[in-house]
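Chemist: Questions regarding the structure given below will be posed in turn.
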Amino acid sequence: MRTKLDFIIRGGVVKRFHTIHTLHTQNVAEHSFGVAWLCYLLCNGVPTRDLLVAALSHDIAEHTTGDIPAPAKRRLGISQRFDKYEMESYYGAGFEMQRLDAGESRTLKMADTADLLLFCIRELRLGNSDMEEVYQRGLSYITELEPLSSTEKELIHYIGEEHDKCK
């Protein structure tokens, strides 16, 4: 129990967006909360237990690596290796593996990206124009998930409307 609690606490306080100035410091706990709720919404209120646990834990092992920016991982071609390393750390702390099917993995990616976009919008509303580049990059990740379901389209439409209000 102690090992798991320590892992959760250390993982939750990892700061996100450490390579760019933000007005609010978002940590993994805040992000994971948003991702879990977005998974719930994207599944029309009936996500599986494994999907919710995956949403809550998808970045928790970053206390062993830090929050390496996605563009750096992509450019260096190390995304899969880092994901594997973080999962080994997670399982090493005694957590069980969540078995997600392809649709659930896609939902988790959509929710993760949508939470990033919503954080960018909050920062943009506060006047942090530096987050526009991050927002645009996040938006480009959505295209990798196409075609979109009607629920996903509704979410992306909402995000777009909220972004438009920042201009």
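Chemist: How big is the gap, in Å, between the Cα center of segment 1-33 and the Cα center of segment 61-75?
Modeler: When both Cα centres are located, 13 Å separates them.
Chemist: Now a separate question. Let me confirm the definition first: pairs of Lys residues in segment 2-164, 8 or more apart or on different chains, C-alpha distance under 21 Å. How many are there?
Modeler: 9
Chemist: Sticking with this one: Got a sec? Charge dipole of the chain, +1 on Cβ for Lys and Arg, -1 for Asp and Glu; which of G127, L76, L51 is way out at the positive end?
Modeler: Looking along the dipole axis, the top candidate is L76.
Chemist: Separate question: If you place +1 on the Cβ of every Lys and Arg, -1 on the Cβ of every Asp and Glu, and leave all else neutral, what size is the dipole of the chain about its Cα centre, to the nearest 20 Debye? Don't jump to the answer; show the numbers that get you there.
Modeler: Numbers: 20 positive and 25 negative charges, 70 e Å.
Once rounded to the nearest 20, the dipole reads 340 debye.
Chemist: Something else about it: For every other residue with a beta carbon closer than 12 angstrom to the beta carbon of P147, add +1 if it is Lys or Arg and -1 if Asp or Glu, then tell me the sum. The partial results should precede the final answer.
Modeler: On the way: positive: R106, K153; negative: E144, E146, E152.
Around P147, the charge tally is -1.
Chemist: Would you order E162, E96, E123 from fewest to most other beta-carbon atoms within 10 Å of each residue's own beta-carbon? Don't skip to the answer; put the middle values down first.
Modeler: Numbers: E162 16, E96 9, E123 24.
Neighbour counts put them in this order, fewest first: E96, E162, E123.
Chemist: Using a cut-off of 18 Å between alpha-carbon atoms, which aspartates and glutamates can reach K165, once sequence neighbours fewer than 8 places away in the same chain are excluded?
Modeler: D115, E123, D130, E132, E133, E154
Chemist: If the viscosity is 1.567 mPa s and the temperature 4 °C, what Stokes-Einstein diffusion coefficient in µm²/s follows for segment 2-164 when Rh is the Kirkwood radius over Cα pairs? Each step should come with its number before you reach the end.
Modeler: Details: Rh = 16.4 Å.
For the chosen part, D equals 79 µm²/s.
Chemist: Net charge around R16, counting only other residues with Cβ within less than 11 Å of its Cβ (Lys, Arg = +1; Asp, Glu = -1)?
Modeler: On the way: positive: K15; negative: E30, D59, E62, D67, D115.
It works out to a net charge of -4.
Chemist: While we're on this one: What do you get for the angle between helix 2-12 and the principal long axis of the chain? Use alpha-carbon atoms, 0 to 90 degrees, nearest ten.
Modeler: 20 degrees
Chemist: Would you mind ranking L116, L124 by Cβ crowding within 10 Å, fewest neighbours first?
Modeler: L124, L116
Chemist: Next question. By average Cβ neighbour count within 10 Å, what is the ranking of 7-16, 48-57 from highest down? Could you put the intermediate results ahead of the total?
Modeler: Values: 7-16: 17.5, 48-57: 19.1.
Output ranking for 7-16, 48-57: 48-57, 7-16.
Chemist: For segment 111-167, with only Lys/Arg (+1) and Asp/Glu (-1) charged at the beta-carbon, what is the dipole magnitude about the Cα centre, in debye rounded to 20? Let's see the in-between values first.
Modeler: Values: 6 positive and 13 negative charges, 40 e Å.
In debye, rounded to 20, segment 111-167 gives about 200.
Chemist: Along the positive direction of the dipole of the chain (beta-carbon charges: Lys, Arg +1; Asp, Glu -1; about the Cα centre), which of T22, I142, M110 reaches farthest?
Modeler: Positive-end residue among those listed: T22.
Chemist: With unit charges on the beta carbon (Lys/Arg positive, Asp/Glu negative), name the residue among M97, Y158, C39 whose Cα is farthest towards the positive pole of the charge dipole of the chain.
Modeler: M97
Chemist: Quick check on the chain: helices-only [θ] at 222 nm, where DSSP H runs of length 4 and up contribute -39,500 (n - 2.57) each and the sum goes over total residues. Nearest 500, please. Please list the in-between numbers first.
Modeler: Numbers: 8 runs with 108 residues, N = 167.
Roughly -20500 deg cm²/dmol at 222 nm, from the helical runs in the chain.
Since every read-out is calculated from the coordinates, none of them should be taken as a lab result. Values in this document were obtained by computation on a predicted structure and should not be read as measured data. Virtual Cβ from ideal backbone geometry, glycine too; neighbours counted across all protein chains shown.
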